[in-house]
Every structure is written in C-alpha cells, then in structure tokens.
Amino acid sequence: MECCHSGKHGEKGCCEDLKKQGIKMKNNQDNKETGKRFSKVWFLFIGIVAVLALVIFFTRGSSASSFDNINQVSQIDIYKSITCGCCDVYSKYVDGKTNTKVNSFNVQDPEATKRQFGIPSEMESCHTTIIGNYFIEGHVPLEAVEKLLKEQPDIKGIAMPGMPMGSPGMPGSKSGDFIIYAVANDGSYSEFMRI
C-alpha cells in the first residue's frame, strides 16, 4: 500500500499489482482450505472403508450358524498326507466355517486310513475326515456334511472322489456340479447330492 500513497510508479499500476498479489494470496489460502477439506473427506472415506472391512471380517465366520448340526459335534478329525498342501487349506476351511474343534493329523499311509474306514477305491481323494460315525472323503463342501448330519442316514459316509477344481481347499474355478456320493455299509455307492 505504501506504493499507492507515495505516488511512486503511478498509483494505478502499483495498486493493481498489489490487488493481484492479494488475489494470489487469497487463492493460496483457498487452496490450502480446499486441501484440508479434501484430506478430511479422504480420511473419512478411508475410515468408513476400514470399518466395513472389519465388519465383513468379523461376520464372515458367523456363517457357522448355518452349520448347526456340524457345530453340535464335539470334534472333527482330518487325516491327511504330510505333503498335501490342499489338505491343509481344506482343514482351514472347515475350521473357519464351524465352531467345532478341528484336529488335523499327518499320516504316513493315507491308504491305510481309507481301508480302515471302508472307503471304496473309486471314491478316494487326498484326505479323510471323520465326524461322529461318518467319514467324509475329499474336498466335500460343508453343505453336504450338514445335510448328512441332519438326515443321519444309515451309511458309512459321503465322498467326493478326486480333487475337483474350485472345491473347498482346491484352487481354480468350479466347472460343473460337485457330485457327492453316499457310501453304503456294504461298500456300494450312489449319488447323495449335487452342489
């Protein structure tokens, strides 16, 4: 303002320069305020996303309530080869979806376990699960196990032979129905359900 009052460089030109400088300063202050508001909005957005992620994480395991019959069993025993990685993933799947205690046993000879429980060779998979008086052979989805325990048929157990892609514990995408077989006490088998 000193320039405007002293008459140096012409009052009009000097004052115009000061006005422009004042506008720049105001714009800088506005930009800082906008940046602060943007930061607050961004921080709020991140906070909301974090809360939603936590809600999803903690309610994901609550699906165990849909497996009421499985959750009434005292324990689930999974017999697997020590070298089988997908069996470990299946064990974690069962443990994460149920409230029942899951025991995982590494066995030297998985075939001996299959013979012990009377699993036909055509129905074999990589691991054998024992729940109560039933065997569950392979990567069987828990929906089939829940049905088995709800209906309690007079059979040895259920099996999904092989290692179908996309089944619980197996990588890849599901390419068709998972066919689960009921194994009768005489060793014969028939379709139990499709998922």
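Accessible-area rank, largest first, for Ser190, Ser167: Ser190, Ser167, with all protein chains present and a 1.4 angstrom probe. Here the Karplus curve 6.51 cos²θ - 1.76 cosθ + 1.60, taken at θ = phi - 60°, turns the phi angles of segment 104-116 into couplings of 10, 10, 7, 10, 6, 10, x, 5, 5, 5, 5, 5, 4 Hz, with x standing for Gly and Pro.
Peptides 130-136, 158-164, 174-180 ranked from most to least packed give 158-164, 130-136, 174-180, packing being the mean of other C-beta atoms within 10 angstrom over each peptide's residues.
Summarising the amide proton neighbourhood of Glu137: residues at separation of 5 or more, or on other chains, whose placed amide H is nearer than 5 Å comprise Thr129, Ile158, Ala159, Met160.
The separation of segment 66-115 from segment 125-195, counted between C-alpha centres, amounts to 13 Å.
Using a/c under 1.5 as the rounded threshold, could you call segment 85-178 rounded, prolate or oblate? The axes a ≥ b ≥ c are square roots of the C-alpha gyration tensor eigenvalues, and prolate needs a/b larger than b/c, oblate otherwise. It comes out rounded by the Cα gyration axes. Amide H contacts of Val102 (H built 1.01 Å from N, in plane; Pro and chain starts excluded): Ile76 sit under 5 Å, all sequence-distant by 5 or more or on other chains.
Using θ = phi - 60° in the Karplus curve 6.51 cos²θ - 1.76 cosθ + 1.60, the 3J(HN,Hα) couplings for segment 153-158 round to x, 7, 9, 6, x, 10 Hz; x is entered for Gly and Pro.
Quick one: net charge of Gln75's neighbours, Cβ under 12 Å, K/R +1, D/E -1? Please list the in-between numbers first.
On the way: positive: Lys101; negative: Asp77, Asp95.
Combined, the nearby Lys, Arg, Asp and Glu give -1.
The values are calculated or read from the model by the stated rules, or taken from the named source; none is laboratory data. Quick caveat: nothing in here was measured; it's all calculated off a predicted structure. Glycine gets a Cβ as well: all are built from the backbone with ideal geometry, and neighbour counts include every protein chain shown. Just the protein is used for accessible areas: all its heavy atoms, side chains included, with ligands, DNA and RNA removed. Shrake-Rupley method; radii C 1.70, N 1.55, O 1.52, S 1.80 Å.
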